[in-house]
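Trainee: Would you mind keeping the following structure in view while I ask a few things?
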Amino acid sequence: MDVNITQPGYLELGWGKVYRLSGENDILMFSVGTWLVAMTTYWVTNFFLLYMDLTGKPKFLTRYKVQQDKNTPLDPSLLPNVLKTVSVNMMIITPISSYGWYSTCQWRGNSCGYDVPTVPRIILDIIVALLADEVFFYYSHRLLHHPYLYKWIHKKHHEWTAPIGLVCIYAHPIEYIASNSIPVFSGPFLAKSHLLSTWIWTVITMFMTSIHHSGYHFPFNLSPEFHDFHHAKFHYNFGFLGFLDRFHGTDELFRKSAASKRHKWLFILTPVSVSVPDDKAVVCKSE
């Protein structure tokens, strides 16, 4: 059977079932649906990571820890405060911002109906979302490091100098909206993406940010070294793709460090901390 990726096909059939299940209710799809996609991805990804943090098992995976002397194992007494903030952001702020996303999409003309995008269009939407997220996240994140904004807003997120996956949304509500939610949805807004593309992007970005904060550099997976370095050293690596940090020179110390050499996809089982030892000569005060 021939498959034409320029035609929606099975995507159209599957999405049609989801849309009919919602009663063809656009508010439900944009607000509740987007919230469910984000929440499910967050907890599915972080449940396993949290189990590793608390138990130190399985041993063959914990050896991929980036900062091997931190949170090994994780002190359970640190979790209530994290879960309180995460719950506020996920259970209160996200539904509110999701409704705001619906209202914005109504004005912009983003669809969630039966006009399902083709695979090439979905790929284009994801590329636009990645680039837009990098731009909006970099500059909003760097602004949050202004001394006044850092003290009152961003310092909460930086309580974790050795982050774990759960703290990817451990942030002041203002930061959660301005530097997390808006950058994520800026691409779908600019590209006028169908909600199907937006949901796929939501899964991708929630998984990415969880791994970037996980503290584990697993084989055949994304590298967390770039953002982990930001938490450890504070003044560097404000983006996540890295090209704006290179343009502005905010990755200078990172590029001189062992973490830079480790920042790559692993296609072998040897932990990168073993193949690329620490460089004790590169130091920087963390805050």
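Trainee: Would segment 174-191 turn up any residue that is assigned to a loop (DSSP other than H, G, I, E, B) and either touching a residue at least 24 places away in the same chain (Cβ under 8 Å) or among the β-branched types (Val, Ile, Thr) (or both)? It would help to see each step written out before you state the result.
Mentor: The initial filter retains those residues of segment 174-191 that are assigned to a loop (DSSP other than H, G, I, E, B), namely none.
For segment 174-191, residues assigned to a loop (DSSP other than H, G, I, E, B) and either touching a residue at least 24 places away in the same chain (Cβ under 8 Å) or among the β-branched types (Val, Ile, Thr) (or both): absent.
Trainee: Tell me, which helices (runs of 4 or more DSSP H) wholly within segment 74-165 include 2 or more residues that are under 16 Å from the mean Cα position of the chain (by Cα)?
Mentor: Correct list: 119-144.
Trainee: Which of the residues that make up segment 71-82 are under 23 Å from residue 172 (Cβ atoms) and surrounded by 13 or more Cβ atoms within 10 Å (Cβ to Cβ)?
Mentor: Keep residues of segment 71-82 that are under 23 Å from residue 172 (Cβ atoms), which gives 71, 74-75, 77-82.
If the condition is that a residue be under 23 Å from residue 172 (Cβ atoms) and surrounded by 13 or more Cβ atoms within 10 Å (Cβ to Cβ), then 71, 74, 78, 79, 82 are the ones that fit.
Trainee: Condition test on residue 96, is it surrounded by fewer than 15 Cβ atoms within 10 Å (Cβ to Cβ) and closer than 16 Å to residue 188 by Cα?
Mentor: Judged against the criteria, residue 96 is not a match.
Trainee: Further question on the same structure: Across segment 205-245, which residue is surrounded by the fewest Cβ atoms within 10 Å (Cβ to Cβ) among those that are among the aromatic types (Phe, Trp, Tyr) and more than 14 Å from the chain's Cα centre (by Cα)?
Mentor: My answer is 220.
Trainee: For segment 192-201, enumerate the residues that are surrounded by 23 or more Cβ atoms within 10 Å (Cβ to Cβ) and β-branched (Val, Ile, Thr).
Mentor: Across segment 192-201, the qualifying residue is only 198.
Trainee: Let me ask another. Kindly evaluate residue 25 against the criterion of being more than 30 Å from residue 262 (Cα to Cα), modelled with pLDDT of 95 or more, open to solvent by 50 Å² or more (accessible area, probe 1.4 Å) and of a type outside the set (D, E, K, R).
Mentor: yes
Trainee: Find all pairs meeting these conditions: Cβ atoms under 6 angstrom apart; at least six residues apart or on different chains; first residue within segment 106-127 and surrounded by 13 or more Cβ atoms within 10 Å (Cβ to Cβ); second residue among the acidic types (Asp, Glu) and modelled with pLDDT of 95 or more.
Mentor: 112/26
The values are calculated or read from the model by the stated rules, or taken from the named source; none is laboratory data. Worth saying up front: this structure is predicted, and the values here are computed from it rather than measured. Don't worry about glycine lacking a Cβ; one is built from the backbone with ideal geometry, like all the others, and counts go over all protein chains shown. Heavy atoms of the whole protein, side chains included, go into the accessibility calculation; ligands, DNA and RNA do not. Shrake-Rupley method; radii C 1.70, N 1.55, O 1.52, S 1.80 Å.
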